[in-house]
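One structure below.
The values are calculated or read from the model by the stated rules, or taken from the named source; none is laboratory data. All values reported here derive from a predicted model rather than from experimental measurement. Because the Cβ atoms are built from the backbone with ideal geometry, glycine has one as well, and the counts that use them run over all protein chains shown.
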Amino acid sequence: MKPLLALALLAAACGSDASANEARLLLDRIDGLGTPDLVERRRRIEAFEAMPLRDPRAVELRDACAPMHAALLVADESAVEAREAVDARAEGDGEAGQRAIAALARGQEAVEQVQQLRDGCQSRLDQFNARYTRRRER
């Protein structure tokens with residue numbers, strides 16, 4: 001009976017370490033999502049979305065924050081497209097004005113999406129940080 005109890009305690013401790021490791025990895029990935037390089041940010045967001053996670057709280061955090069970061073990326077990409085279209089219009093491209101308007105509309109839609117998703121992501125991130133940041137500092 002005692003060996004079973006020891007094995008159960010060991011398994012629980014390893015599970016806790018695995019959750020803490022998963023949490024550290026997830027928080028590190030979230031920290032890296034704000035890179036200004038849009039191509040690199042897209043790659044990081046896709047990797048973040050595809051992360052295989054076991055802890056239900058980690059899954060919940062990823063699922064709440066990934067769409068918000070993807071929408072932020074669309075907003076930033078749309079702003080770049082709009083600036084490029086305005087520059088093209090200034091150089092005489094007659095259709096560039098319509099492209100700028102379409103890019104701005106996509107960007108506005110993405111910003112509205114970010115606003116809808118932000119509180120859910122931030123509250124889960126705050127809870128997750130409260131739970132795991134103390135562990136990270138030990």
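Against the numbered list (1) touching a helix residue (DSSP H, G or I) at 6+ places or on another chain (Cβ under 8 Å); (2) under 14 Å from E22 (Cβ atoms); (3) of a type outside the set (S, T, Y), A64 comes up short only at (2).
Inside region 35-63, can you point out the residues that are surrounded by 11 or more Cβ atoms within 10 Å (Cβ to Cβ) and outside any helix (DSSP H, G or I)? T35, M51, L53, D55 - these are the residues of region 35-63 that are surrounded by 11 or more Cβ atoms within 10 Å (Cβ to Cβ) and outside any helix (DSSP H, G or I). Screening region 94-138 for residues that are surrounded by 13 or more Cβ atoms within 10 Å (Cβ to Cβ) and among the charged types (D, E, K, R) and picking the one that is farthest from A20 (Cα to Cα) gives R99. No other residue among R131, R118, R135, R99 is over 20 Å from R44 (Cα atoms) and either in contact with a strand residue (DSSP E or B) (Cβ under 7 Å, 6 or more places away or on another chain) or at pLDDT 95 or above (or both) apart from R99.
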